[in-house]
Every structure is written in C-alpha cells, then in structure tokens.
Amino acid sequence: AAGVIQSPRHLIKEKRETATLKCYPIPRHDTVYWYQQGPGQDPQFLISFYEKMQSDKGSIPDRFSAQQFSDYHSELNMSSLELGDSALYFCASSLVLAGPEEQFFGPGTRLTVL
Amino acid sequence: SQQGEEDPQALSIQEGENATMNCSYKTSINNLQWYRQNSGRGLVHLILIRSNEREKHSGRLRVTLDTSKKSSSLLITASRAADTASYFCATVRAAYSGAGSYQLTFGKGTKLSVIP
C-alpha cells in the first residue's frame, strides 16, 4: 500500500538560508499535518490542511509557511533558518470524513542547520 | 504546552517480560493513540482507543484508558528485542473546530530497551 512520502530525507543548510520540505500524502487522504521533533523531544504540531485549506496552526514560527496544492501534496517553507530549527520534520496524512482517526506518518525529513 | 506526560521516561527489561508504560493528559479528548518510534525514524501507529472505551487489545498490546483520571497505559506482553523503541501516547482533543483540526498532542515518550 502507498505510504506518505517525504522529500528530501536529509537536508543540510546554513544559518539564514531557506529550505523547502515536501510531503505527498496517501492517495485520497484529505488532511495533511506537519510536525517538528527536536532532538530527544516529542513531536510538536506545526500546521494542518484540510482539502487544500489551512485548518489549524500550532507552534509554527512566523518564518515558516506552508501550503497544500491542487494535487494534495504539501510544502513546508522555512526561511531565515536558525540552529534551533535542526529537527526531524514529519508529515502525516489522514482521512477525516469519519472523524479523528489514525494518522499515517511519513519517514520524516532530517534538517540540520549549521 | 505538553499535553501528556509519560512514565517511566526509560524502561529496561529482559526479553520475555512484560512492559508497562503510562501516560497522563490534561484536557478532554476524543481519542488517545499510541505510537512507536525506532531511533530517529518515523512514527508507527500502534493502537487507538476512543474516549468511550476502557480497554483495547491488539496482538501483544493492551491499552487501557481512564478518562476520570486522564490516564492511559500500554502493556506489551512477552517482549522481544525488536520491541526496543520509544513509545509515545498522543491525544486528539474533544473540541471540534473544523475538519483537519484533529492534530495529535504527544507525550514525552518512554524509551523501552528489551535485552535479549
């Protein structure tokens, strides 16, 4: 079965650079979530999209933005990168028609800011 | 702010023993889910228990939920070395504010080591 695809899997950037992370949800899933997991930390919710519209925001810095495109893939754009942005970034997708159910997570993108 | 706190933070057991992990949360929930994460890897969904359920089983996993105490436990029976991982509980809030608002709030996780 198709899973959530994230690219790139690893990314190394310098401070003050920009980064774009991509997420391809499971086909027919209508909701995408982005989470950030710092070293030794639990995942923290950043932002979500339902049917290509932003639906909720969590602890996402103003330097970050995201969108969901017509083909349902999503991109997380990160600007003016800081050392503290080094983390695993997960995308998850789900089908919410029946209510809150299991979220399927991608393998994550490991971002390292030097 | 963190929703859940997990107990213990780290657990080391021998293969074949049972492992019990606990999770507490603060707000009303729709459901509670347990995830597993191998070191630095993705999150794998294990089991979901709804707020109106008290216990659920899946293979060697048993989850309990006590909404009056806002707590849950995950029991892994007959543990194996391959069960070594971090285990997170995650809650979905009860208040509905629109589709796509079912984001997960994770606890801090329990790092389980199963020694062969």
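The values are calculated or read from the model by the stated rules, or taken from the named source; none is laboratory data. What you see is a predicted model, and the numbers here were worked out from it, not measured in a lab. Neighbour counts are summed over all protein chains in view; Cβ atoms, including those assigned to glycine, are modelled from backbone coordinates with ideal geometry. Protein only, heavy atoms only, side chains kept; ligands, DNA and RNA dropped before computing areas. Shrake-Rupley method; radii C 1.70, N 1.55, O 1.52, S 1.80 Å.
Suppose all protein chains stay in the model; what accessible area per residue would a 1.4 Å probe give for the stretch A:5-113, in Å²? Each step should come with its number before you reach the end.
Working: 5030 Å² over 109 residues.
Per residue, the stretch A:5-113 has an accessible area of 46 Å².
Using a cut-off of 25 Å between alpha-carbon atoms, which lysines can reach B:Lys108, once sequence neighbours fewer than 8 places away in the same chain are excluded?
A:Lys57, B:Lys26, B:Lys56, B:Lys69, B:Lys70
Quantify, in whole percent, the carbon and sulfur part of the accessible surface of the protein assembly as shown (1.4 Å probe; protein heavy atoms only).
Details: 5280 of 10800 Å².
Here it works out to 49 percent.
Give the long-range amide H neighbours of A:Ser86: residues separated by 5 or more places, or on another chain, with amide H under 5 Å away, using H modelled in the peptide plane at 1.01 Å from N.
Placed amide hydrogens put A:Val113 under 5 Å from A:Ser86.
For all pairs of alpha-carbon atoms in chain A, what percent lies in each bin of width 5 Å, listed from the first bin to the last filled one?
2, 13, 24, 26, 19, 10, 5, 1, 0
Mind checking the stretch A:67-114 for chymotrypsin sites (Phe, Trp or Tyr not before Pro) that DSSP puts in a loop (not H, G, I, E or B) and that have at most 14 other Cβ atoms within 10 Å? Don't skip to the end; give the middle numbers.
Numbers: sites: A:Phe69, A:Tyr72, A:Tyr89, A:Phe90, A:Phe104, A:Phe105; in loops: A:Phe69, A:Tyr72.
When the chymotrypsin sites (Phe, Trp or Tyr not before Pro) of the stretch A:67-114 are filtered for loop state and at most 14 Cβ neighbours within 10 Å, A:Phe69 remain.
In the stretch B:20-103, what chymotrypsin sites (Phe, Trp or Tyr not before Pro) fall in a loop by DSSP, with at most 16 other Cβ atoms inside 10 Å? Please list the in-between numbers first.
Values: sites: B:Tyr25, B:Trp34, B:Tyr35, B:Tyr87, B:Phe88, B:Tyr96, B:Tyr102; in loops: B:Tyr25, B:Tyr96, B:Tyr102.
Passing sites in the stretch B:20-103 are B:Tyr96.
Quick one: which bits of the stretch A:15-52 get at least 50 Å² less accessible when the partner protein chains are in, versus the chain alone, with a 1.4 Å probe?
Checking the loss per residue gives A:Asp42, A:Pro43.
Rounded to the nearest 100 Å², what is the sum over both chains of accessible area buried where A meets B, with a probe of 1.4 Å? Provide the component values of the computation, followed by the final result.
Numbers: alone 6380 and 6350 Å², together 10800 Å².
Approximately 1900 Å², summed over both chains.
Of all trypsin sites (Lys or Arg not before Pro) in the stretch B:13-89, which ones are in loop regions per DSSP and have a Cβ with at most 15 other Cβ atoms within 10 Å? All intermediate terms of the calculation are to be shown ahead of the outcome.
On the way: sites: B:Lys26, B:Arg36, B:Arg41, B:Arg50, B:Arg54, B:Lys56, B:Arg60, B:Arg62, B:Lys69, B:Lys70, B:Arg80; in loops: B:Lys26, B:Arg41, B:Arg54, B:Arg60, B:Lys69, B:Lys70, B:Arg80.
Of the trypsin sites (Lys or Arg not before Pro), the ones in loops of the stretch B:13-89 whose Cβ has at most 15 other Cβ atoms within 10 Å are B:Lys26, B:Arg41, B:Arg54, B:Arg60, B:Lys69, B:Arg80.
Which whole-Hz ³J(HN,Hα) couplings does the stretch B:81-92 yield from phi under the Karplus relation 6.51 cos²θ - 1.76 cosθ + 1.60, θ = phi - 60°, glycine and proline marked x?
4, 5, 7, 4, 4, 9, 10, 10, 9, 8, 10, 10
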